[in-house]
Amino acid sequence: MNIKEIVLDMTSRDLHRIRKSGTEIINNSQNEDQIKKLFPYRDEIYESTRNLRFTVNNVFYEFPIVIIDHHIKLKDNQGGICSCDLYLGAYSHFDPNVEKNNESMAFLVKGIGDYTHVYGLQCKKCDKRYHVSERHYHYIWYKWELMTKDIKDPIAKSEIEKVLKLYLDTLLSDKNLRGGRLQ
């Protein structure tokens, strides 16, 4: 990331430049070393973008501030958070096919359906596991959910066994979150 260029773009009030650099910040949300370089510019970026109303989707200038603030909390060691918590945020374009190349994420499994796919990923920093489902509307987007409960590992060897385990883990997580019981 070219920090100087990103700061100039984010403070330019130009839609295309903000979108380009905002996307770059979002794509580097797990890269703590790069995001730390933006700390000194956080207020300047915020002040330059806070009253913008030129787009229906403000994520390109609002979510980068969320990312910087999250990493400031990480630096200050506030409350056992991890950069992977950003996957649960307002940005729905974290593609698991791209995130599997992120050095801090482990790609566990991909389930291929007729129209959509599901994925299992795990953070290598904090060991949180995520169930990611591909969704469609006018575009492809992804819903990231934290798996809060895990079944005993059945030593899944084949891809179908891994996908079945992912579905079972998700079912148990859903029941755990709702306080229900598996019947």
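One table, with the values for the structure above:
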{"read-out": "Cut-off under 5 Å, modelled amide H: who pairs with Lys128 long-range", "value": "Cys123"}
{"read-out": "Stretch gain in nm, segment Trp141-Glu62, where the contour uses 0.36 nm per residue and the Cα spacing is subtracted", "value": "26.6 nm"}
{"read-out": "Length added when fully stretched, Ile72-Lys100, from 0.36 nm per residue minus Cα-Cα", "value": "7.6 nm"}
{"read-out": "Unsatisfied cross-links (Cα-Cα over 24 Å) in the set Lys20/Lys100; Lys4/Lys124; Lys4/Lys36; Lys75/Lys125; Lys110/Lys143", "value": "Lys4/Lys124"}
{"read-out": "Within region 100-135, backbone nitrogen closer than 19 Å to the virtual label 7 Å beyond the Cα of His93 toward Cβ", "value": "100-102, 133-135"}
{"read-out": "DSSP-assigned coil residues among chymotrypsin sites (Phe, Trp or Tyr not before Pro) in region 34-115, each with at most 14 further Cβ atoms within 10 Å", "value": "Phe54, Tyr115"}
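Each value in this text was obtained by applying a stated rule to the coordinates, not by laboratory testing. It should be emphasised that the depicted structure is a prediction, and the values quoted were computed from it without experimental measurement. Using ideal geometry, Cβ is built from the backbone for each residue, glycine included, and neighbour counts are taken over all protein chains shown.
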